[in-house]
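K.L.:
Here you go, one structure.
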Amino acid sequence: MIRINQISLRPDHSQKDLKAAVYKVLRLSKGDTCNIAVFKRSVDSRHKPDVMYIYSVNVTELMLAGKKAVNEESFVKRLKNRNVLTVSENVYQFPVKNITISREEQRPVIIGFGPAGIFAALKLAEAGFRPVVYERGQAVEERKRSVERFWNGGDLNTESNVQFGEGGAGTFSDGKLNTMIKDPSGRIREVLRIFAEYGANSDILYVNKPHIGTDVLSDVVKNIRNRIISLGGEVHFNTRFEELVISGGRVAGVRLSDLVAGTSFTRNCEKVCLAVGHSARDTFKQILKEGISMQPKAFAVGVRMEHLQEFIDYNAYGDCVYKLPAADYKVTYQTGAGKGVYSFCMCPGGYVVNASSEPERIAVNGMSYSGRSGKNANSAIIVTVTPEDFGGGVLDGMEFQRKLEGLAYQKGAGKIPVQLFGDFRQNRVSTGFGAVTPCIKGAYAFADLNEVLPKFLADSLKEGITGFGQQIRGFDMEEAVLSGVETRTSSPVRILRNENLQSESVHGLYPCGEGAGYAGGITSAAVDGIKVAEQIVL
């Protein structure tokens, strides 16, 4: 296969323009034919307002005047163009298929139906293993209604909310699929392919920073669920994990609670994929009690920060006349005290959401719909914290999160505490909004976030945001709105596992995904789910 990099076209180009650019680079004539597929597209705004799309394109089945090119490598070599090369397509293959399960105990059990659990279950189902999934939260249709009721002033459902339920925390997010992990096996591409197959826009296969949007993602996960069931798997909602059944150092089963019926039961099994999310605090406590090896890990906490999306767009594109995607940003800063401050989970045209999962605690997150058409941009602005900051006990990081969330609830009188950045810098409660009016799902109230965050965090945020103003002029505007507190950026623990991805403590237990401390987003969690599924079948 031939790949052409660095094809530059204006954003209003046509498909015909792309084909013409390919023909020009390959020096093809009208009688030559080929198949053209976009591999990657990014935005080049270095010379704004003259913004361009930059393409990498795959070319296959090249025919020269009705005859196949004799040798792609020779053809490319003759072009003497460093942006044209031959590549091999790495197509992912699951290690086994068409397995027949003879005993019920052989069916793998998956705890949690977020990205890691979903992809583990799908791959196991496709191979014939008929997995059994248990998710404490509701199916996505009911879950959406529960969350909307909570945002509109109803009671918090502690079992099904922004953190728990079908699709995991990612269901109420921007649905970002970009990831920093490297995976030469092709698993990342496979994750994107599956999302597109089950309802996501196919452009996620080639845009530089793919996203789905919470409105589309909810349909995608439902479609995958139905596929798992059609292949003989089971997906049970409103069913909470209570404890492992361990015999002779091996998994023998799981005990669960049916939250609708109010009953408990045990399912015998030999392999368990523990794919709980980063907010499954009761599960962390339980498995630690059972002797599962765990350790505290660094994570990050901070606030959500909102600017007008048009401000972010202008910074990215200037006076560009073309219609372009809502712009995002990524900023980092190192404080004088050595603390890393950075943006995370940036949501163009999005909303800040009340992402609480425990009573009398407030946690926030960011969310965008697929169109990213909201008037504000928001991002988590966070500071790395380590066991040196919160203590070395296994669950000390979790308790640190809970303490901050409790303070946010108190200072906001049960609502999301918000504050203008200028007032945050001056340690005073805001009295009104300026240029930026918050876009928030859930009730909010003015409060002083300095009374929520420890001084070292508040000081780091003030210094970092001021520093960001040197990277994006005006980023540190006084009227930007802060909301607190952002604590659920990643798991505060890591459940230790060996080279076969099994727990170091119990044979047959496979810690997986964000909650286990091995992922940091939808795609990396999905990839980890696939990796665990591969180990389960071996």
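K.L.:
Would you check if Phe150 is part of a helix (DSSP H, G or I), among the aromatic types (Phe, Trp, Tyr), over 28 Å from Arg255 (Cα atoms) and assigned by TED's automatic domain parsing to the domain that holds Asn238?
P.N.:
Values: part of a helix (DSSP H, G or I): yes; among the aromatic types (Phe, Trp, Tyr): yes; over 28 Å from Arg255 (Cα atoms): yes; assigned by TED's automatic domain parsing to the domain that holds Asn238: yes.
Considered against the rule, which asks whether it is part of a helix (DSSP H, G or I), among the aromatic types (Phe, Trp, Tyr), over 28 Å from Arg255 (Cα atoms) and assigned by TED's automatic domain parsing to the domain that holds Asn238, Phe150 comes out as yes.
K.L.:
Is segment 289-309 home to any residue that is more than 24 Å from Thr437 (Cβ to Cβ), among the acidic types (Asp, Glu) and touching an Asp or Glu at 6+ places or on another chain (Cβ under 9 Å)? It would help to see each step written out before you state the result.
P.N.:
From segment 289-309, those more than 24 Å from Thr437 (Cβ to Cβ) are 289-301; that's our starting set.
The next check asks that each one be among the acidic types (Asp, Glu); those that pass are 290.
Add one more test, that the residue is touching an Asp or Glu at 6+ places or on another chain (Cβ under 9 Å), and what stays is 290.
Yes, segment 289-309 contains a residue that is more than 24 Å from Thr437 (Cβ to Cβ), among the acidic types (Asp, Glu) and touching an Asp or Glu at 6+ places or on another chain (Cβ under 9 Å).
K.L.:
Conditions: (1) in contact with an Asp or Glu (Cβ under 6 Å, 6 or more places away or on another chain); (2) crowded, with 24+ Cβ neighbours inside 10 Å. Gly422 meets all but one. Number of the miss?
P.N.:
Just one mismatch for Gly422, condition (2).
K.L.:
Continuing with the same structure: For Lys97, indicate whether it is under 30 Å from Lys323 (Cα atoms), part of a loop (DSSP other than H, G, I, E, B) and within 33 Å of the chain's Cα centre (by Cα). Can you show your working first?
P.N.:
On the way: under 30 Å from Lys323 (Cα atoms): no; part of a loop (DSSP other than H, G, I, E, B): yes; within 33 Å of the chain's Cα centre (by Cα): yes.
So Lys97 fails the test.
Okay, residues lined up against (1) of a type outside the set (Lys, Arg); (2) without any contact (Cβ under 8 Å) to a residue 60 or more places away in the chain; (3) in contact with a Leu (Cβ under 7 Å, 6 or more places away or on another chain):
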| residue | (1), (2), (3) |
| --- | --- |
| Asp448 | yes, yes, no |
| Val452 | yes, yes, yes |
| Lys455 | no, yes, no |
| Thr466 | yes, yes, no |
| Glu479 | yes, yes, yes |
| Asn498 | yes, yes, no |
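K.L.:
Select from segment 303-339 the residues that are closer than 21 Å to Ser483 by Cα, out of contact with any helix residue (DSSP H, G or I) (no Cβ under 6 Å at 6 or more places or on another chain) and assigned to a strand (DSSP E or B) and list them in ascending order.
P.N.:
Answer for segment 303-339, where residues must be closer than 21 Å to Ser483 by Cα, out of contact with any helix residue (DSSP H, G or I) (no Cβ under 6 Å at 6 or more places or on another chain) and assigned to a strand (DSSP E or B): Val303, Arg304, Met305, Glu306, His307, Leu308, Thr332.
K.L.:
Check whether at least one residue in segment 159-169 is in a helix (DSSP H, G or I) and either within 15 Å of Tyr369 (Cα to Cα) or not assigned by TED's automatic domain parsing to the domain that holds Gly414 (or both), and report yes or no. Steps first, answer last, please.
P.N.:
To start, the set of residues in segment 159-169 that are in a helix (DSSP H, G or I) comprises 168-169.
From what's left, either within 15 Å of Tyr369 (Cα to Cα) or not assigned by TED's automatic domain parsing to the domain that holds Gly414 (or both): 168-169.
Scanning segment 159-169, I find at least one residue that is in a helix (DSSP H, G or I) and either within 15 Å of Tyr369 (Cα to Cα) or not assigned by TED's automatic domain parsing to the domain that holds Gly414 (or both), so the answer is yes.
K.L.:
Starting from residues that are surrounded by 10 or more Cβ atoms within 10 Å (Cβ to Cβ) and in a loop (DSSP other than H, G, I, E, B), keep the ones in segment 75-92 and report whichever is farthest from the chain's Cα centre (by Cα).
P.N.:
Looking at residues that are surrounded by 10 or more Cβ atoms within 10 Å (Cβ to Cβ) and in a loop (DSSP other than H, G, I, E, B), I get Asn81.
K.L.:
Can you tell me which residue in segment 1-50 is surrounded by the fewest Cβ atoms within 10 Å (Cβ to Cβ), limited to those that are among the basic types (Lys, Arg) and within 21 Å of Phe75 (Cα to Cα)?
P.N.:
Here is the first cut: in segment 1-50, the ones among the basic types (Lys, Arg) are 3, 10, 16, 19, 24, 27, 30, 40-41, 46, 48.
Those still in the list that are within 21 Å of Phe75 (Cα to Cα) too: 3, 19, 24, 27, 30.
Numbers: Arg3: 17, Lys19: 14, Lys24: 10, Arg27: 11, Lys30: 7.
Ranking the qualifying residues of segment 1-50, first place goes to Lys30.
K.L.:
What is the residue count in segment 149-163 for residues that are under 17 Å from Lys415 (Cβ atoms) and without any contact (Cβ under 8 Å) to a residue 60 or more places away in the chain? Full working, then the answer.
P.N.:
We begin by selecting, within segment 149-163, every residue under 17 Å from Lys415 (Cβ atoms); these are 149-156, 161-162.
From what is left, the residues that are without any contact (Cβ under 8 Å) to a residue 60 or more places away in the chain are 149, 152, 154-155.
Matching residues across segment 149-163 total 4.
K.L.:
Also, quick follow-up: Every residue in segment 434-457 that is among the small types (Gly, Ala, Ser) and within 20 Å of Lys415 (Cα to Cα), please.
P.N.:
Initial filter on segment 434-457 (among the small types (Gly, Ala, Ser)): 434-435, 442-443, 445, 447.
Scanning segment 434-457 gives Gly442, Ala443, Ala445, Ala447.
K.L.:
Okay, moving on. Arg267 - would you say it is part of a strand (DSSP E or B), touching a Lys or Arg at 6+ places or on another chain (Cβ under 6 Å) and in contact (Cβ under 8 Å) with a residue 24 or more places away in the chain?
P.N.:
Working: part of a strand (DSSP E or B): yes; touching a Lys or Arg at 6+ places or on another chain (Cβ under 6 Å): no; in contact (Cβ under 8 Å) with a residue 24 or more places away in the chain: yes.
So Arg267 fails the test.
K.L.:
Which residue pairs have Cβ atoms closer than 9 Å, lie 6 or more positions apart in sequence or on different chains, and pair a first residue in segment 407-419 that is in contact (Cβ under 8 Å) with a residue 40 or more places away in the chain and in a strand (DSSP E or B) with a second residue that is of a type in the set (Val, Ile, Thr) and surrounded by fewer than 24 Cβ atoms within 10 Å (Cβ to Cβ)?
P.N.:
Once the first residue is in contact (Cβ under 8 Å) with a residue 40 or more places away in the chain and in a strand (DSSP E or B) and sits in segment 407-419, its partners that are of a type in the set (Val, Ile, Thr) and surrounded by fewer than 24 Cβ atoms within 10 Å (Cβ to Cβ) give Ile416/Ile440; Val418/Ile440; Gln419/Val429.
K.L.:
Among the residues of segment 228-242, is there at least one that is closer than 22 Å to Leu122 by Cα, of a type in the set (Ser, Thr, Tyr) and within 26 Å of the chain's Cα centre (by Cα)?
P.N.:
Filtering segment 228-242 down to residues closer than 22 Å to Leu122 by Cα leaves 228-241.
Filter again for of a type in the set (Ser, Thr, Tyr), leaving 230, 239.
When the remaining residues are screened for being within 26 Å of the chain's Cα centre (by Cα), the result is 239.
Among the residues of segment 228-242, at least one is closer than 22 Å to Leu122 by Cα, of a type in the set (Ser, Thr, Tyr) and within 26 Å of the chain's Cα centre (by Cα), which makes the answer yes.
K.L.:
When only residues in segment 176-191 that are part of a loop (DSSP other than H, G, I, E, B) and touching a Phe, Trp or Tyr at 6+ places or on another chain (Cβ under 9 Å) count, which is surrounded by the most Cβ atoms within 10 Å (Cβ to Cβ)? If you could, list the steps in order and put the result at the bottom.
P.N.:
Taking segment 176-191 and keeping what is part of a loop (DSSP other than H, G, I, E, B), we get 177-186.
Pick out the ones that are also touching a Phe, Trp or Tyr at 6+ places or on another chain (Cβ under 9 Å) and you get 177, 185-186.
Numbers: Leu177: 25, Ser185: 14, Gly186: 14.
Top of the filtered list is Leu177.
K.L.:
Going by what's in this entry, would Ala116 be described as assigned to a helix (DSSP H, G or I) and crowded, with 21+ Cβ neighbours inside 10 Å?
P.N.:
Working: assigned to a helix (DSSP H, G or I): yes; crowded, with 21+ Cβ neighbours inside 10 Å: yes.
Here the answer is yes, as Ala116 does meet what is asked.
The values are calculated or read from the model by the stated rules, or taken from the named source; none is laboratory data. Everything numeric here is computed off the predicted structure, so don't read it as measured data. Note: ideal-geometry Cβ built from the backbone for every residue, glycine included; neighbour counts use all protein chains shown.
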